[in-house]
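*Asks:* Mind looking over this structure? Questions follow.
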Amino acid sequence: MSESINRSRRKLLEATAFGLMAAQLGAAPAFAQTNAMKRVAPSAGSFAPLKRINAGVLSIAYAEAGPADGPPVLLLHGWPYDIHAFVDVAPILANAGYRVLIPYLRGYGETRFLSADTPRNAQPAAVATDAINFLDALKIQKVLVAGFDWGGRTANLMAFLWPERCKALVSVSGYLVGSRDALQNPLPPSAEYPWWYLFYFTTDRGKAGYAKYTKDFNRLIWQLASPKWAFDDATFDRSAAAFENPDFVHISLYNYRWYFRLEPGEPKYDELEKKIATFPTIGIPTITMEGDANGAPHADPKVYAKKYIGAYEHRNLTGGIGHNLPQEAPEAFAKAVMDVDRA
């Protein structure tokens, strides 16, 4: 067998392994780009005064827009971002008649734990349960759910753990579902390298470094994950206020350390995590999306397309769109939400 064939096979194996790890970890190269998008300048927009509701173990702060009797849409942000990832998506959907709900995740912004005794746990099942508790508190039976990064992972989990609560799904970077067992197998160095921050967080030095340089670290992640997004200081600072939550650093670290069994999780989520670890298929209408300039690790859509067994479409965006797709291409994201609603 020739050396060139060997090199090609190694590249294919590395790409496949990288794609599977990306799809499992929930951090989110894509294939042929089909939808060209004009770059959107960072917005100075803001939300109406936030609302608050007790839901499960949290007092959740959230933005709301649109008519109270409109079809509900739940938008979920990721790390290290906040609700302002949807600041330009919300008015588009609200003007189309949707009731738009955008909660701060546990450990972000004005969301707080109700008790000092509650474990500051960020395992996937806990964060997904927060979303269901939020819907219960608002007495919303069924919702269209959309998100990216941690929010995309949570949206996927909701879609197969509680399909009766989800009308349709929009997920940036696709099937962001992971398990501890799946991540124990090492990958080739080139596939491991993009996850540098994950390995940093497993060390005492990383824990101390992230606590000391939280905003500097998060700004670097923004730049690496969206290398063509020309956000300004005001745009970053608006979101960086969410990182001042007293639980933000611990929640952020816990999420990644849990995968490596460095944080215990809670027994009450064991059954949910067992189901998550089977990587179930999703049967509700779904649109997945990817930007052509996503600098964060993410899977090729061909890796995860078979996980969506209902009405399904994947959309690739060109024009320098990075990891924070809703904020960088709000019109395209909002359109996906409205289109999947009609699927």
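The values are calculated or read from the model by the stated rules, or taken from the named source; none is laboratory data. Quick caveat, the model's predicted, so the values are computed rather than measured. All Cβ positions, even for glycine, are placed from backbone atoms using ideal geometry, and neighbour counts span all protein chains on display. Areas reflect the complete protein model, heavy atoms only, side chains present, ligands, DNA and RNA absent. Shrake-Rupley method; radii C 1.70, N 1.55, O 1.52, S 1.80 Å.
*Asks:* Restricting attention to the range 276-286, report how many residues are open to solvent by less than 10 Å² (accessible area, probe 1.4 Å) and touching a strand residue (DSSP E or B) at 6+ places or on another chain (Cβ under 9 Å).
*Replies:* Residues that pass the stated criteria total 2.
*Asks:* Quickly run through the range 316-335 and pick out the residues that are under 27 Å from LEU101 (Cα atoms) and not in a loop (DSSP other than H, G, I, E, B).
*Replies:* ASN316, LEU317, LEU325, PRO326, GLN327, GLU328, PRO330, GLU331, ALA332, PHE333, ALA334, LYS335
*Asks:* What number of residues within the range 47-59 satisfy the criterion of being buried (at least 22 other Cβ atoms within 10 Å of the Cβ) and assigned to a loop (DSSP other than H, G, I, E, B)?
*Replies:* Counting residues in the range 47-59 that are buried (at least 22 other Cβ atoms within 10 Å of the Cβ) and assigned to a loop (DSSP other than H, G, I, E, B) gives 0.
*Asks:* Which one of ILE140, ILE92 is assigned to a helix (DSSP H, G or I), more than 14 Å from the chain's Cα centre (by Cα) and either among the β-branched types (Val, Ile, Thr) or within 21 Å of MET338 (Cβ to Cβ) (or both)?
*Replies:* Sole residue among the options that is assigned to a helix (DSSP H, G or I), more than 14 Å from the chain's Cα centre (by Cα) and either among the β-branched types (Val, Ile, Thr) or within 21 Å of MET338 (Cβ to Cβ) (or both): ILE92.
*Asks:* Does TYR193 count as part of a helix (DSSP H, G or I) and modelled with pLDDT of 95 or more?
*Replies:* No.
*Asks:* So, one more: In the range 94-116, how many are under 18 Å from ALA240 (Cβ atoms), open to solvent by 10 Å² or more (accessible area, probe 1.4 Å) and of a type in the set (A, V, I, L, M)?
*Replies:* Number of matching residues: 1.
*Asks:* Within the range 139-159, work out how many residues are within 26 Å of SER252 (Cα to Cα) and open to solvent by 10 Å² or more (accessible area, probe 1.4 Å).
*Replies:* 0
*Asks:* While we're here: State yes or no: is TYR213 hydroxyl-bearing (Ser, Thr, Tyr) and open to solvent by 80 Å² or more (accessible area, probe 1.4 Å)?
*Replies:* Yes, satisfied.
A quick yes/no check of all residues on (1) open to solvent by less than 40 Å² (accessible area, probe 1.4 Å); (2) of a type outside the set (D, E, K, R); (3) in contact with a strand residue (DSSP E or B) (Cβ under 6 Å, 6 or more places away or on another chain); (4) part of a loop (DSSP other than H, G, I, E, B):
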{"position": "LEU272", "(1), (2), (3), (4)": "no, yes, no, no"}
{"position": "GLU290", "(1), (2), (3), (4)": "yes, no, yes, no"}
{"position": "PRO297", "(1), (2), (3), (4)": "yes, yes, no, yes"}
{"position": "LYS302", "(1), (2), (3), (4)": "no, no, no, no"}
{"position": "HIS314", "(1), (2), (3), (4)": "yes, yes, yes, no"}
{"position": "VAL337", "(1), (2), (3), (4)": "yes, yes, yes, no"}
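*Asks:* Now for a different question. Mind checking which residues of the range 108-132 are part of a loop (DSSP other than H, G, I, E, B) and closer than 22 Å to VAL73 by Cα?
*Replies:* Hits for the range 108-132 are TYR108, GLY109, GLU110, THR111.
*Asks:* Looking at PRO29, PRO91, which one is modelled with pLDDT of 50 or more and not acidic (Asp, Glu)?
*Replies:* PRO91
*Asks:* Taking the range 60-93 as the search range and keeping residues that are more than 25 Å from ALA240 (Cα to Cα) and of a type in the set (Gly, Ala, Ser), which one is surrounded by the most Cβ atoms within 10 Å (Cβ to Cβ)?
*Replies:* GLY66
*Asks:* Scan the range 248-265 for residues that are open to solvent by 30 Å² or more (accessible area, probe 1.4 Å) and more than 22 Å from PHE217 (Cα to Cα) and report the count.
*Replies:* So the answer is 2.
*Asks:* Would you call HIS250 closer than 19 Å to TRP150 by Cβ and assigned to a loop (DSSP other than H, G, I, E, B)?
*Replies:* No.
*Asks:* Any chance you could count how many residues in the range 219-235 are open to solvent by 10 Å² or more (accessible area, probe 1.4 Å) and either part of a helix (DSSP H, G or I) or in contact with a helix residue (DSSP H, G or I) (Cβ under 6 Å, 6 or more places away or on another chain) (or both)?
*Replies:* Residues that pass the stated criteria total 8.
*Asks:* Is it the case that the range 178-187 has a residue that's modelled with pLDDT of 95 or more, assigned to a loop (DSSP other than H, G, I, E, B) and either in contact with a Cys (Cβ under 6 Å, 6 or more places away or on another chain) or buried (at least 17 other Cβ atoms within 10 Å of the Cβ) (or both)?
*Replies:* no
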